[in-house]
Amino acid sequence: MKTEEQHVVWERRQTEIWDRIFQAMSDVVAVAETLDNSVGQKQLQEQLMKSAMCIGVKLVRANASGRAVKFEKYLEEARMKAIETDYWLRLIYVLQQREEVQRDLSSVISQYAAIINMLNKFIKHTQDEPDVIARHARGPKINM
């Protein structure tokens, strides 16, 4: 693939991941609001929200970084937070007994699997293309 074509693909994927992250975060908030106020559920809610919100923060930091090493570091941290979010969602799924909540959780878990997959591709892209920062550090493209 030519360099310009790679750039276009990268831009599309970057837009797609931001769209997915915002949609998934919205869905996480909706799921978190269904949890009751018991001590255990409150703790799950806090951990879920914290890890889910951190994914976007790490991606913003990656885009703001000026060096490839930092870019990769923040991408990896975003991927780890996405995996952590997936863990909390799966734990809540196991603990929830309401079918409608489990149905919603299944959908959100699928969204995070796609986000993790995209982050894995981004990390591979940064490793395969040494000048990725210079070519792609233009910040997130968000469809509104």
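Derivation of every value follows stated rules applied to the coordinates shown; laboratory data play no part. No experiment lies behind these values; they were computed from the predicted model shown. When we count neighbours, we look across all protein chains shown, and the Cβ atoms used for this are built from the backbone with ideal geometry, even at glycine.
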- line: Loop-resident trypsin sites (Lys or Arg not before Pro) in segment 1-74 with no more than 16 other Cβ atoms inside 10 Å, DSSP not H/G/I/E/B, are Lys2, Arg67
query: Based solely on its DSSP helices, what 222 nm [θ] is calculated for the chain when runs of n ≥ 4 H residues each add -39,500 (n - 2.57) and the sum is averaged over all residues, nearest 500 deg cm²/dmol?
result: -29500 deg cm²/dmol
message: Which residue fluctuates most in the GNM of the chain (Cα springs below 10 Å): Glu72, Glu100, Glu11?
response: Glu100
task: Give the Rg/Rh ratio for the chain, taking Rg as the radius of gyration of the Cα atoms and Rh as the Kirkwood radius, to two decimals.
output: 1.04
statement: The aspartates and glutamates whose Cα lies under 19 Å from the Cα of Lys121, excluding any fewer than 8 residues away in the same chain, are Glu4, Glu5, Glu11, Glu16, Asp19, Glu72, Glu76, Glu77, Glu84, Asp86, Glu129, Asp131
Glu76 versus Ser107: modelled label distance in nm, points set 7 Å from Cα along the beta carbon direction: 3.5
statement: For the chain, the longest principal axis of the Cα atoms and the Cα long axis of helix 99-128 enclose an angle in degrees, to the nearest 10, of 20
